[in-house]
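Readers should treat all values here as calculations from the given coordinates under stated rules, not as data from a laboratory. Small disclaimer: the values here were computed from a predicted structure and weren't measured. A quick note on method: Cβ atoms are made from the backbone with ideal geometry, for glycine too, and the neighbour counts reach across all protein chains shown.
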Amino acid sequence: MLYAILCYHDEDTVGSWTSEQDAAVMKKLAVVQEKLKKQGRLGPVARLLPTTAATTLRKDDPPVVLDGPYAETKEQLLGFYLVDCKNLDEALDVARDLGAANPGGAYEIRPVGLFQPGSRAT
Amino acid sequence: MTDAAWIDAALTSARPQAVGALLRYFRNLDTAEEAFQNASLRALKSWPQNGPPRDPAGWLIMVGRNVAIDDIRRSRKQEPLPEDEAISDLDDAEDALAERLDGSHYRDDILRLLFICCHPDLPATQQIALALRIVSGLTVKQIARAFLVSEAAMEQRITRAKARVADADVPFETPGAVERTERLAAVAAMIYLIFNEGYSASGDTAEIRAPLCEEAIRLARLLLRLFQSEPEIMGLTALLLLQHARAAARFDAEGALVLLDDQDRALWNQKMIAEGLALIDKAMRHRRSGPYQIQAAIAALHARAAKPEDTDWTQIDLLYGALEVMQPSPVVTLNRAVAVSKVRGPQTALEMIEPLASRLSNYFHFFGVRGAFLMQLGRNDEARVAFDRAIALANTSAEAAHIRMHLDRLIRDSQPLGVKAGK
């Protein structure tokens with residue numbers, strides 16, 4: 001069974017780390033990741049850019065594009081896609097296509113700052 | 001991360017919101033700062049024992065407010081009663097939690113706190129110092145170091161700025177839309193100033209002054225989180241990130257300035273570039289252009305070029321043209337001329353900057369750029385005159401050293417071949 005582990009933290013606090021503090025945390029995480037990687041159990045790892053870079057597409061009819069992260073608490077995270085796009089417009093086009101296939105709810109579109117493909121044999 | 005480091009980061013990040021809210025309660029900057037200080041001291045004792053609160057800012061506001069109210073009550077028993085109005089909503093401390101959770105004041109509290117620092121009576125350097133002290137919570141020592149002045153001088157500067165702000169009428173009512181936009185613009189300009197103060201450092205001071213750039217980015221991100229749909233704030237944040245991404249490549253080992261074309265692009269911070277590009281991308285979708293967005297778009301074109309020769313100078317020329325219309329200034333025209341020299345050659349560029357001579361007669365970069373154009377045209381004697389003037393006007397030793405490098409090259413090139421070969 002594949003499990004997704006979703007990372008939450010106070011963005012203000014993480015943003016207040018100095019680059020040294022940030023690097024120290026990443027280094028400690030890398031140790032854990034390395035262990036999983038050697039066991040062939042690690043899937044893709046991604047670090048998202050801050051929510052200030054986020055855009056949200058409400059899957060209304062017609063869909064509405066909003067600045068900022070997805071803020072509702074009534075709806076739950078059900079899954080995610082990683083899609084290679086030239087720019088935000090392209091990403092929004094993909095989200096609109098997906099939204100047409102499955103209306104209701106929303107997509108939060110966040111650029112990925114760091115991506116590691118992982119070691120898991122498919 | 002250790003407890004102490006975690007608490008430190010949490011206090012720093014909670015500070016703008018907490019001091020902003022405390023200022024609204026007490027309507028006095030010193031009281032608000034003192035209340036935050038007291039709350040922070042209690043946090044240092046309480047958090048390691050009881051674990052961090054879920055909402056550090058909310059905790060600090062509650063504790064800071066209660067401690068300050070206790071202090072005021074205590075002093076009331078000893079002294080004649082102060083005017084009730086001096087302490088706003090003293091009796092509804094219980095409501096604080098509910099109010100905090102609703103969070104409707106949060107945005108305007110922080111904006112007000114930043115806005116106070118850009119009081120028009122304050123010279124730019126005092127605005128910056130005040131913001132770094134009050135909003136960012138840097139110590140006087142840290143600020144003095146970044147400004148390369150003594151601690152005593154900085155202490156005096158901040159005290160003076162605070163006194164001037166205290167005398168001024170601080171607007172406490174919730175701002176209307178127009179007012180909010182005006183405040184936002186003033187605050188954005190101040191954040192840009194903080195950044196420039198760090199960015200214009202010379203090689204030997206760049207490291208000392210880098211915190212100014214980092215602090216400006218932090219404040220810009222904070223502002224953007226509060227005003228998520230403002231394309232100019234996206235643009236400002238993108239601009240600062242894209243400029244700062246080049247920090248490691250801007251000076252060589254000797255501290256001499258390295259121009260964009262000569263920079264080792266492998267040293268550029270790709271993480272910052274990615275965030276800057278994502279933000280400018282997001283801003284452009286609004287089709288409400290502004291000076292920060294245009295400057296960020298120009299920085300983005302540089303950031304996107306893997307090699308200097310990949311730079312889209314035609315697009316940069318167009319963007320500077322748009323900026324000239326929006327914010328006419330000889331400095332913008334001068335910058336545009338550099339792009340023009342790449343697209344249409346140095347002769348056209350030189351003709352473009354000639355009319356600026358009288359207005360930029362004391363501007364280092366004017367003579368640096370003019371000298372470079374003349375040199376490209378092979379007019380070496382005139383180039384030398386321009387470079388001499390640039391050195392005389394240089395603001396930092398790195399600027400002077402950079403021009404001297406051009407001069408040395410000119411002198412070398414103008415020597416008779418025989419002499420050069422004989423060496």
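Using a cutoff of 8 angstrom between alpha carbon atoms and counting only pairs six or more residues apart, the relative contact order for chain B works out to 9 percent. Legend: distances between Cα atoms for A:K37/A:K74; A:K35/B:K271; A:K28/B:K282; A:K86/B:K342; B:K141/B:K282; pairs beyond 30 Å are A:K37/A:K74; A:K28/B:K282; B:K141/B:K282. Proximity of backbone amide H atoms, modeled 1.01 Å from N, is registered between A:L114 and A:R47 at under 5 Å, excluding neighbours fewer than 5 places apart on the same chain.
If you take the Cα centroid of the stretch B:40-55 and the Cα centroid of the stretch B:247-284, the two points sit 39 Å apart.
Hey, what's the per residue convex hull volume over the C-alpha atoms of the stretch B:1-75, in cubic angstrom? All intermediate terms of the calculation are to be shown ahead of the outcome.
Details: hull volume 6.0 nm³, N = 75.
Hull volume over Cα atoms, normalised by residue count, gives 80 Å³.
Could you sort B:48-58, B:309-319 so that the peptide with the highest average Cβ count within 10 Å comes first and the rest follow in order? Let's see the in-between values first.
Details: B:48-58: 14.6, B:309-319: 16.3.
My ranking of the peptides, most packed first, is B:309-319, B:48-58.
Grouping the Cα pair distances of the stretch B:117-257 into 10 Å bins from zero gives a pair-distance distribution of 11, 38, 34, 14, 2, 0 percent in increasing distance order. Descending by average beta-carbon neighbour count within 10 Å, the peptides B:32-39, B:248-255, A:68-75 line up as B:32-39, B:248-255, A:68-75, the highest first.
Would you mind checking the tilt of helix B:206-226 against the longest principal axis of the Cα atoms of chain B, expressed as 0 to 90 degrees and rounded to 10? Computed tilt is about 60 degrees.
Give the peptides B:286-292, B:134-140 in descending order of average Cβ contacts within 10 Å, highest first. Present the calculation step by step, with values, prior to reporting the outcome.
Details: B:286-292: 16.7, B:134-140: 20.6.
Final packing ranking: B:134-140, B:286-292.
In this simple spin-label approximation, B:E354 and B:T314 carry label points 7 Å from Cα along the Cα→Cβ vector, and these lie 2.7 nm apart. Across the protein assembly as shown, Cα-Cα pairs more than 42 Å apart make up 30 percent of the total.
What are the aspartates and glutamates whose alpha-carbon lies under 20 Å from the alpha-carbon of B:K45, with same-chain residues fewer than 8 places away excluded? Excluding near neighbours in sequence, the set is B:D3, B:D8, B:E33, B:E34, B:D55, B:D70, B:D71.
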